[in-house]
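Have a look at the structure below, then the notes.
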Amino acid sequence: MKQEQIILGIETSCDETAAAVIKNGTDILSNVVASQIESHKRFGGVVPEIASRHHVEQITLVIEEALQQANITYEDIDAIAVTEGPGLVGALLIGVNAAKAIAFAHGIPLVGVHHIAGHIYANRLIREIQYPALSLVVSGGHTELVLLKESGSFQVIGETRDDAAGEAYDKVARTLNLPYPGGPHIDRLAHEGTPSIKLPRAWLEGSYDFSFSGLKSAVINTLHNAEQRGEEIKPENLAASFQQSVIEVLVTKTISAVKEYDVKQLLLAGGVAANKGLRAALTEAFKEVPGVELIIPPLSLCTDNAAMIGAAGSILFEKGKQSNLALNGNPGLDIEAF
Amino acid sequence: MKVLAIDTSNFTLGIALIDGNQVIGEYITNLKKNHSVRVMPAIDTLLKDCDTLPKELDKIVVAKGPGSYTGVRIGVTIAKTLAWTLNIPLAAISSLEALAANGRYFNGLISPLFDARRGQVYTGLYEYDENEQLKEIVADCNILSSEWATRLKEWKRPILFIGQDIEIHREALSEVLGELAVFVPYSLYNPKPSELAFLGKNKEEEDIHLFVPNYVRMAEAEAKWLEQQENQKNDESER
Ligand SMILES: [Zn+2]
């Protein structure tokens, strides 16, 4: 009997074309990412049509590279896991159709994976998940708290009512004339400044939801008013104040959810998890909640990749989930229903 | 030699399997439905009905555009992935050329076309030579249909227009070309995937990894960006 489970993961939901091979849901045999960021920089953001065009250029190359690095053949693959949503529909379609073509050609089972489930299960590549677990998902398109009562079950207990945290970062960065993508620049600037400017925090009492549009507007107003009065505001200080406001809300709500749901682990997930300020603040705060393990994946597993899709696919495949050849890209896929 | 042909460049979803000189099966629909959901099941059904395993295929032929950007990409992605993963050659044919094949016995020039919005079409000019081979006379392009008609008039020969979008441009074309403009009947509006298969059967193979659709048009964002760069350059040189 075969002992190992091998999953080929494919991810094309935004501007990275990625493929990876995962063993037993936990071991990375290969993890290949072709980033398009250089191409989109000139437009100040991801252009969907351009992203789709790049995915077609890269898709077979990236998958071939992943298979070669993992040194496996098609007979070794138990299932192909592919991101079915959410994301840019034209981009999703490239990964989904490539995955279906390979699955069909070699008679390999296919599993559609939710992109955020992927981000969450990136943590399983670091440490075995213990349930119940809570995940704080922060990325360009998402800010949510997801409760995992058991393996492969997702319950959104809080989410953003307007902008995602990453979106607010990008918009504030644009206001400060920082290059795209703005998140890392704000993070860097914030470490050079002091949080001396008073900015609001949207607590939304009695809920685990988030809101960042008010904060974003406050930053823009602060800059605008200072300009009118002829005062100079140090961008470092504004970045530090903005970052502190975002992080304070994220961390405070996370800690209270961790206590309320009595979880064993907190899994940080999504591209904004690369933020040094957030990592440091979470590490500090979790010293106050002994017995709860904080898992922070390395940067390469926080940004979009296919290893995470393979890891999530492994769990779903084990639970008996399979997709058929009619699998579609679904830009609005719901994590609780998929 | 078993060849699988795939065309999803426009509303027509066409899959064909040929073996040597014989058409084994064709699957054609002309619906405003999502290609992404339907192409792989269509290929699966056709191959099963024809008792053919994916591993028995010898070549893949794909319609490479122009057409709907998303539609073309779905067909091209499936075709290049199948060819790569089955380790067989991939050939690509213009989506317009495949459509031009519907004009095989026409005595004149052939202009297949797809609507490209705002009075424009994707089109090209083709002709069957004395050996019954389809030849490209004017390369595929994106042009106003009125302008295209004016260019075609210079040939002083009958022109056969093919495609279901001729409805949209019939007036503009007839106005300029008068009786030289000939339009195919409804039954020849849509490309036949078996024609695509035969066109690609002996065509040289593509480099699978590097192969991309022929969109004919630049992405809008890129065109705007280039225009901006150009304007900036001009501004600087004026200073
Ligand atoms: Zn992501």
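Points worth noting:
- Subset of the stretch A:106-130 that is hydrophobic (A, V, I, L, M, F, W, C) and within 16 Å of the ligand (Cβ to nearest atom) - its residue that is nearest to the other protein chains (Cβ to nearest Cβ): A:Val113
- Within the stretch A:22-47, residues that are assigned by TED's automatic domain parsing to the domain that holds A:Met308 and farther than 24 Å from A:Asn123 by Cβ reach partners that are of a type in the set (Phe, Trp, Tyr) and surrounded by 15 or more Cβ atoms within 10 Å (Cβ to Cβ) with beta carbons closer than 7 Å, at six or more positions or on different chains, in the pairs A:Lys41/A:Tyr180; A:Arg42/B:Trp225; A:Phe43/B:Trp225; A:Gly44/A:Tyr180; A:Gly45/A:Tyr180.
- Sole exception among (1) farther than 29 Å from B:Lys32 by Cα; (2) more than 14 Å from every other protein chain (Cβ to nearest Cβ); (3) touching a helix residue (DSSP H, G or I) at 6+ places or on another chain (Cβ under 8 Å) for B:Phe183, by number: (1)
- Residue within the stretch A:94-110 that is in contact (Cβ under 8 Å) with a residue 60 or more places away in the chain, closer than 29 Å to A:Val263 by Cβ and under 19 Å from the mean Cα position of the chain (by Cα) present: no
- Criterion: part of a helix (DSSP H, G or I) and in the same structural domain as A:Arg279 (by TED's automatic domain parsing) - qualifying residue of A:Leu204, A:Leu189: A:Leu189
- Some residue of the stretch A:125-137 being over 18 Å from A:Val249 (Cβ atoms), β-branched (Val, Ile, Thr), assigned to a helix (DSSP H, G or I) and modelled with pLDDT of 95 or more: no
- The listed residue being among the acidic types (Asp, Glu) and more than 29 Å from A:Glu293 (Cβ to Cβ), out of A:Glu260, A:Glu192, A:Glu205, A:Glu248: A:Glu192
- Residue within the stretch B:54-61 that is closer than 24 Å to A:Lys100 by Cα, buried (at least 21 other Cβ atoms within 10 Å of the Cβ) and of a type in the set (A, V, I, L, M, F, W, C) present: yes
- Between A:Ala103, A:Ala66, A:Ala70, A:Ala133, the distinction of being within 11 Å of chain B (Cβ to nearest Cβ) and more than 16 Å from the ligand (Cβ to nearest atom) belongs to A:Ala103 only.
- Restricting attention to the stretch B:98-122 and to residues that are more than 19 Å from B:Arg151 (Cα to Cα) and not in a loop (DSSP other than H, G, I, E, B), the residue that is nearest to the other protein chains (Cβ to nearest Cβ) turns out to be B:Ala98.
- A:Ala168 being touching a residue at least 24 places away in the same chain (Cβ under 8 Å), more than 14 Å from the ligand (Cβ to nearest atom) and assigned to a helix (DSSP H, G or I): yes
One line per residue, one yes/no per condition, for (1) outside any helix (DSSP H, G or I); (2) modelled with pLDDT under 95; (3) within 14 Å of chain A (Cβ to nearest Cβ); (4) more than 18 Å from the chain's Cα centre (by Cα):
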site	(1), (2), (3), (4)
B:Leu173	no, no, no, yes
B:Leu177	no, no, no, yes
B:Ser194	no, no, no, no
B:Ala197	no, no, no, no
B:Glu204	yes, no, no, no
B:Met218	yes, yes, yes, no
B:Ala223	no, yes, yes, yes
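- Only one of the numbered conditions (1) touching a strand residue (DSSP E or B) at 6+ places or on another chain (Cβ under 7 Å); (2) within 16 Å of the ligand (Cβ to nearest atom) is violated by A:Ser139, and that is (1).
The values are calculated or read from the model by the stated rules, or taken from the named source; none is laboratory data. Keep in mind that what you see is a predicted model, and the values were worked out from it rather than measured. We place every Cβ from the backbone using ideal geometry, glycine too, and count neighbours over all the protein chains shown.
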